[in-house]
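Following: one structure in structure tokens, then a few remarks.
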Amino acid sequence: MKKRERAKRKDNIIFLPGLEKRLTDKGLESLQNKRYQEAITLLEEAKEHDPENSDILIGLVLAYFEAGAYIKARELANEMLLKGIGDYFHMVDLYLTILIQLHEYQEIVSTIEALFDEKEIPPERHDHFLTILQFSRRMADSDSHQEPIEDPEPKEDTNPKELKLSSLKNINEQMLAISSLAEKNIRPYMDEIKEYLTSDSGHPFLKTMLLSLLKEQEYDKKIMVKKFSEDQNVVPTELPDIQSQPRMKEIEYLLEKRLENSDPYLFENIKGMVERIFFISYPFEFTPEETEAWAGAFHLLVLDYLGMDSDLSDISNEYEITPEKIEQALVKIGELEEISYPNI
């Protein structure tokens, strides 16, 4: 006969047998149904009872991630890597995805370089990490003297002037193909790049990657970019750097004045979302034009994501902008938030 599971005791509180499993199941169900704050509450409680359960912790990382709590997601994923909880390379991929959200490209570079140094990368994943490393180095503006990781068995490119993006149905394969251009002259691929930039099926994140590479390689001819059913003609050399878009910096300045000293954790979470949205939308700008409306909308949205008290009228007064303008910005942010970053 199976022994009855004994109740657990913690801080003089008795927990019924199987409580953590019920919390985990309900938390993962909430996560699957996109009730992220509810999932966080349940999985955090489950973690209290079983702090090294990989199912609980991975679910909690994903819930933080989807709720926009990128700092918490990064910290927990990093803790899991250090403790060796969960499948190692699955956790590395998840950690890198979070770092991309936070635009922490130097940390991506350091993480992948450590993997190469320790010779822990399986041969079949070598190119995967190498291309991410090359692109992240560019985005981090690495020093020119930094030596690249050498590929011990370089593969010949049988058709160096084709990316074949249209034939790659998987968005991760498209990302790796585009990332590989970081070490090449991009000009021989321009016909295919122009086609991708104007295609309805091209992912906005990947279009931003292409524009960044074109700017870096000083491509100075006019090209068309299509995102969100809008067209725009741009000259890559005339575009602002992704990390220093004028409106984005103005929004961050308003948020910094109000929050950096009083609530630095909230400020870092909002800043992460601002940078995510502006990366996806680059180089497009949307109405309303008022910077205060966008700062207020981002502030309100992250308060809501983190389960903190939020009130539209209070935010409206704080940023001295009408609630209607904030709501207009909220609608657009919501539309852009539906466009997720590709999982690595």
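The values are calculated or read from the model by the stated rules, or taken from the named source; none is laboratory data. Note that the structure is a prediction, hence the values are computed from the model and not measured. Cβ placement follows ideal geometry from the backbone for every residue including glycine, while neighbour counts extend to all protein chains displayed. Side chains are part of the model used for accessible areas, which takes the heavy atoms of the whole protein and leaves out ligands, DNA and RNA. Shrake-Rupley method; radii C 1.70, N 1.55, O 1.52, S 1.80 Å.
Some values worked out for this structure:
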read-out: Test result for Ile242, at pLDDT below 95, buried (at least 20 other Cβ atoms within 10 Å of the Cβ) and among the aliphatic types (A, V, I, L, M); value: no
read-out: Tally of residues being modelled with pLDDT of 50 or more, at negative phi and not basic (Lys, Arg) across segment 6-31; value: 10
read-out: Qualifying residue in segment 249-263 (condition: hydrophobic (A, V, I, L, M, F, W, C), under 21 Å from the mean Cα position of the chain (by Cα) and surrounded by 15 or more Cβ atoms within 10 Å (Cβ to Cβ)); value: yes
read-out: Identity of the residue in segment 53-78, among the polar types (S, T, N, Q) and closer than 13 Å to Met91 by Cβ, that ends up surrounded by the fewest Cβ atoms within 10 Å (Cβ to Cβ); value: Ser54
read-out: Residue within segment 222-235 that is modelled with pLDDT under 95 and surrounded by 19 or more Cβ atoms within 10 Å (Cβ to Cβ) present; value: yes
read-out: Residue count for segment 195-221, restricted to those that are charged (D, E, K, R) and exposed (fewer than 15 other Cβ atoms within 10 Å of the Cβ); value: 5
read-out: Subset of segment 296-322 [within 17 Å of Ile251 (Cα to Cα) and not β-branched (Val, Ile, Thr)]; value: Gly296, Ala297, Phe298, His299, Leu300, Leu301, Leu303, Ser316, Asn317, Glu318, Tyr319, Glu320
read-out: Single residue of Lys3, Lys34, Lys72 found to be under 20 Å from Asp304 (Cα atoms) and modelled with pLDDT under 85; value: Lys34
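The rows are residues; the columns are (1) touching a Leu at 6+ places or on another chain (Cβ under 9 Å); (2) farther than 23 Å from Val302 by Cβ; (3) of a type outside the set (A, V, I, L, M, F, W, C).
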{"position": "Gly27", "(1), (2), (3)": "yes, no, yes"}
{"position": "Arg35", "(1), (2), (3)": "no, no, yes"}
{"position": "Asn53", "(1), (2), (3)": "no, yes, yes"}
{"position": "Ala63", "(1), (2), (3)": "yes, no, no"}
{"position": "Ile71", "(1), (2), (3)": "yes, no, no"}
{"position": "Leu76", "(1), (2), (3)": "yes, no, no"}
{"position": "Gly84", "(1), (2), (3)": "no, yes, yes"}
{"position": "Asp93", "(1), (2), (3)": "no, yes, yes"}
{"position": "Leu99", "(1), (2), (3)": "no, no, no"}
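Okay, residues lined up against (1) within 25 Å of Tyr95 (Cα to Cα); (2) of a type in the set (Lys, Arg); (3) open to solvent by less than 30 Å² (accessible area, probe 1.4 Å):
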site	(1), (2), (3)
Gly296	no, no, yes
Ser310	no, no, no
Ile315	no, no, yes
Glu318	no, no, no
Thr322	no, no, no
Glu327	no, no, no
Leu330	no, no, no
Ile333	yes, no, yes
Glu338	yes, no, no
